[in-house]
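First up is the structure itself, then whatever we jot down about it.
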Amino acid sequence: MVSRSLGIAFGQESYLYSFPSGHPFNNSRLGPFSKFLQNLSKSNLEISIFEPRMAEERDLYLFHDPAYVDFVRKSSKRGEGYLDYGDTPSYKGVFEASLYTVGSTLEGMRKIVRAEVDHFFNPVGGLHHARRDSAGGFCVFNDAAIAIGWALEVLKLERIAYVDIDAHHGDGVYYGYESDERVIIADIHEDGRYLYPGTGFSGEIGKGRAQGTKLNIPLPPGSGDSEFLKAFEAVESFVEKFKPQFILFQCGADGLRGDPLTHLQYTSKAHSHAAKKLHDISHKLCEGRLLAMGGGGYNPSNVESAWSSVVRELMIRV
């Protein structure tokens, strides 16, 4: 079997993770990107689009507490109330929808390891706010943190890099692995003094034996491409220093100018640049093992612009 350079998980199940009408995280934000994928897949031989894959419940335990998983399952059957303190509402089927998000990210990792694809992108993944025992910030199960757990426990890797450029700090991933020296985290985001979740300050560099394995770069509101590109230089050198064996990339689109929830002013050049640099690093250091996850983004046009830039970079063979 000939490997395609990029695998993408996208199908009808991708639309299931969508909160009720009026909530900013709903599946209408996927519309323009879906059209981009349809047009791209018709004539491009460098990508393979796979149906979303449902995770098994045991996969969730790679990161989440069993009591929390049980809480979500029961809430999903009732379809009412909240899974956190008010940002993440429950709805009927949210448990199963979340399993597709997690399963697609894990399947992407398996396909990379089996050399079926060089890289993988799960657009509806990157739910980086969920903690081990709670939902948060529109995120029910943290597929990125579960993927890290899979790499550590199943692949037995010793160095996994997680790079996050979503406008919001990836607190669920950061605090979940704050004391784990095997997990290298580099996170560029809007300063937590002005944006949820209010974390990710530059002094947060890991704890205990993991001190120095984490890099948080908060940017002030109004920061644009020039500020991002300068910050990403630090990310590049930081990641390269640790020589990761696998790279996870959360490429949230909510840092682009015009997002209704944030105050950054990027263009899609930021995402193109980050994807290109991480693409190069992955081939230089870890046999191309790079998996991207879509994350946030609440302006559908921006979502398409950012994610299509990532896709184009990862399609390039090195």
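The values are calculated or read from the model by the stated rules, or taken from the named source; none is laboratory data. All values derive from a computational prediction rather than experimental measurement. Positions of Cβ are backbone-derived with ideal geometry, glycine not excepted, and every protein chain shown enters the neighbour counts.
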- Message: Quick test for you: out of Leu40, Leu6, pick the one residue that is of a type outside the set (Asp, Glu), in a helix (DSSP H, G or I), farther than 11 Å from Pro123 by Cβ and touching a strand residue (DSSP E or B) at 6+ places or on another chain (Cβ under 8 Å).
- Response: Leu40
- Which of the residues spanning the stretch 53-97 are over 22 Å from the mean Cα position of the chain (by Cα) and either hydrophobic (A, V, I, L, M, F, W, C) or assigned to a helix (DSSP H, G or I) (or both)? Pro66, Ala67, Asp70, Phe71, Arg73, Lys74, Ser75, Ser76, Lys77, Arg78
- Item | Selection from the stretch 268-302 of residues that are among the hydroxyl-bearing types (Ser, Thr, Tyr) and closer than 20 Å to Ala234 by Cβ | Ser272, Ser282
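When you go through Leu248, Leu261 one by one, which is the residue that is in a loop (DSSP other than H, G, I, E, B), farther than 22 Å from Ser41 by Cα and aliphatic (A, V, I, L, M)?
Details: Leu248 fails: in a loop (DSSP other than H, G, I, E, B).
Exactly one of Leu248, Leu261 is in a loop (DSSP other than H, G, I, E, B), farther than 22 Å from Ser41 by Cα and aliphatic (A, V, I, L, M), namely Leu261.
Mind listing whichever residues of the stretch 150-163 are assigned to a strand (DSSP E or B) and either within 13 Å of the chain's Cα centre (by Cα) or of a type in the set (D, E, K, R) (or both)?
Here is the first cut: in the stretch 150-163, the residues assigned to a strand (DSSP E or B) are 160-163.
Result: Ala161, Tyr162, Val163.
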- Query: Do you know which residues across the stretch 254-268 are aliphatic (A, V, I, L, M) and buried (at least 21 other Cβ atoms within 10 Å of the Cβ)?
  - Reply: Leu256, Leu264
- Message: Just to be sure before I move on: is Gly200 surrounded by 23 or more Cβ atoms within 10 Å (Cβ to Cβ) and on the phi > 0 side of the Ramachandran plot in the structure I sent?
- Response: yes
- Message: So Ser305 passes all but one of these: (1) farther than 21 Å from His169 by Cβ; (2) in a helix (DSSP H, G or I); (3) touching an Asp or Glu at 6+ places or on another chain (Cβ under 6 Å); (4) small (Gly, Ala, Ser). Which condition number does it fail?
- Response: (3)
- Message: Just to be sure I understand, how many residues within the stretch 204-218 are outside any loop (DSSP other than H, G, I, E, B), under 20 Å from the mean Cα position of the chain (by Cα) and within 18 Å of Lys243 (Cβ to Cβ)?
- Response: 2
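Are any of the residues in the stretch 133-147 charged (D, E, K, R), part of a helix (DSSP H, G or I) and either out of contact with any His (no Cβ under 8 Å at 6 or more places or on another chain) or in contact (Cβ under 8 Å) with a residue 60 or more places away in the chain (or both)? Steps first, please.
Of the residues in the stretch 133-147, the ones charged (D, E, K, R) are 133, 143.
Remaining after also requiring part of a helix (DSSP H, G or I): 143.
After this cut, where a residue has to be either out of contact with any His (no Cβ under 8 Å at 6 or more places or on another chain) or in contact (Cβ under 8 Å) with a residue 60 or more places away in the chain (or both) as well, the list is 143.
Within the stretch 133-147, one or more residues are charged (D, E, K, R), part of a helix (DSSP H, G or I) and either out of contact with any His (no Cβ under 8 Å at 6 or more places or on another chain) or in contact (Cβ under 8 Å) with a residue 60 or more places away in the chain (or both).
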- Query: Looking at (1) in contact with a Lys or Arg (Cβ under 8 Å, 6 or more places away or on another chain); (2) among the small types (Gly, Ala, Ser); (3) buried (at least 22 other Cβ atoms within 10 Å of the Cβ), which is the only condition Gly108 fails?
  - Reply: (1)
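Which count do you get for residues in the stretch 164-203 that are among the aromatic types (Phe, Trp, Tyr) and part of a helix (DSSP H, G or I)? Walk me through how you get there before you give the answer.
Going through the stretch 164-203, the residues among the aromatic types (Phe, Trp, Tyr) turn out to be 174-175, 177, 194, 196, 201.
Imposing the further condition that a residue be part of a helix (DSSP H, G or I) reduces the set to 174-175.
Residues that pass the stated criteria total 2.
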- Message: I need the full set of residues from the stretch 25-52 which are more than 23 Å from the chain's Cα centre (by Cα) and touching a residue at least 40 places away in the same chain (Cβ under 8 Å), in order please.
- Response: Asn44, Leu45
- Task: Using the structure shown, decide if His271 is of a type outside the set (A, V, I, L, M, F, W, C), crowded, with 17+ Cβ neighbours inside 10 Å and either within 22 Å of Ala147 (Cα to Cα) or in contact with a Pro (Cβ under 7 Å, 6 or more places away or on another chain) (or both).
- Result: yes
- Single match in Ile217, Ile247, Ile316 (criterion: out of contact with any Cys (no Cβ under 9 Å at 6 or more places or on another chain), β-branched (Val, Ile, Thr) and at pLDDT 95 or above): Ile217
- Query: Between residues in the stretch 76-95 that are under 18 Å from Ala55 (Cβ atoms) and residues that are part of a loop (DSSP other than H, G, I, E, B) and among the hydroxyl-bearing types (Ser, Thr, Tyr), which pairs lie under 8 Å by C-beta distance while being six or more apart or on different chains?
  - Reply: Ser76/Ser90; Ser76/Tyr91; Leu83/Ser90; Val94/Tyr17
